[in-house]
Amino acid sequence: MGSKERKEKEINIRRNDIIEAAESIFFEKGYESTTMDDVAKKAEFSKRTIYAYFSSKEQIYFEIMIRGYKLLLSLLKSKMEAKDNAIDEIRKIALTFYDFSIDYSDYFWAIMEYENSVYDFQNTIPDQSRDECYALGEEILMYLERSLNKGIAEGTIASSILVNKTALILWSCMLGVFNTSRKKKIYLESYHGLNQEDFISSAIELIIQSLQTKKGGIH
């Protein structure tokens, strides 16, 4: 290994160490409550060293979301099968999102915090971090778009829908449902007799039914 490769490896290791430290703090305290001083202390580096690798707290947060999106994409890739029809694909995508929210809840809530935030990161994030994160988000949406297009071709999903807009709405609906199922768990059980699984399943089926043609049938 040459000196250039060795230096690049050391840089990547240190960046990863900082992200690991920041991740544990963000997951524990949330984005708003975490400071770069917290990150530096956890990583056991000076704050100056942190800023040598990351321009801001926001950039580190995007790097953490990149990790989450990659995990979600790996789950989607492992679950999808070519033989599935469009309705089954959409149902499987939704259930995979749900599994992700349970099995990787810290990453799910990191993404949720960003999705529900009022702050705008765009002017303080280097293009590479922001663009990679957005590209991964678009890749996830593409799974929904492909299934919607497949359903239109099969005649099981209404051809009148705008595919891109519908995919965005489905993503937003699913995030909202998963958020409610967790934050209002006691309310749903106490006042409506619904556990999380029942609530999620009913919501997914309602969403699917809103897309289906008569040919698509109702499960």
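What follows draws every value from the coordinates through simple rules; no lab data is involved. Quick caveat: nothing in here was measured; it's all calculated off a predicted structure. Reconstructed Cβ throughout: ideal geometry from the backbone, glycine too, with neighbour counts over all protein chains shown.
Using alpha carbons only, the radius of gyration of the stretch 46-95 set against its Kirkwood radius gives Rg/Rh = 1.32. How much of the calculated P(r) for the stretch 128-191 lies past 16 Å, in percent of all Cα pairs? Every Cα pair in the stretch 128-191 considered, those over 16 Å come to 60 percent. One equal scatterer on each Cα of the stretch 56-216, no solvent, Debye formula: the resulting log10 I(q)/I(0) at q = 0.15, 0.16, 0.18, 0.21 Å⁻¹ is -0.87, -0.97, -1.15, -1.37. Extension gain for K83 to R146 (0.36 nm times residue separation, less C-alpha to C-alpha distance): 21.3 nm. Each Lys or Arg adds one and each Asp or Glu takes one away; over the other residues whose Cβ falls under 12 Å from the Cβ of N179, this sums to +2. Per residue, the convex hull around the alpha carbon atoms of the stretch 1-54 comes to 70 Å³. The alpha carbon centroids of the stretch 31-69 and the stretch 145-161 are separated by 42 Å. Each label was represented as a point 7 Å from its Cα along the Cα-to-Cβ direction; for T35 and S172 these points are 3.6 nm apart. Under a 5 Å amide H cut-off, with hydrogens placed 1.01 Å from N, I157 pairs with I152, T213 among residues at least 5 apart or on other chains.
Quick test of the membrane-span-like rule: which DSSP H helices of the chain reach at least 18 Å along their long axis (C-alpha atoms) with mean Kyte hydropathy at least -0.5? Display every interim value, and only then the final one.
On the way: long enough: 3-29 (39 Å, -1.13); 57-79 (34 Å, 0.09); 86-103 (25 Å, 0.32); 127-154 (39 Å, -0.61); 163-183 (30 Å, 0.46); 196-211 (23 Å, 0.64).
Result, helices passing both filters: 57-79, 86-103, 163-183, 196-211.
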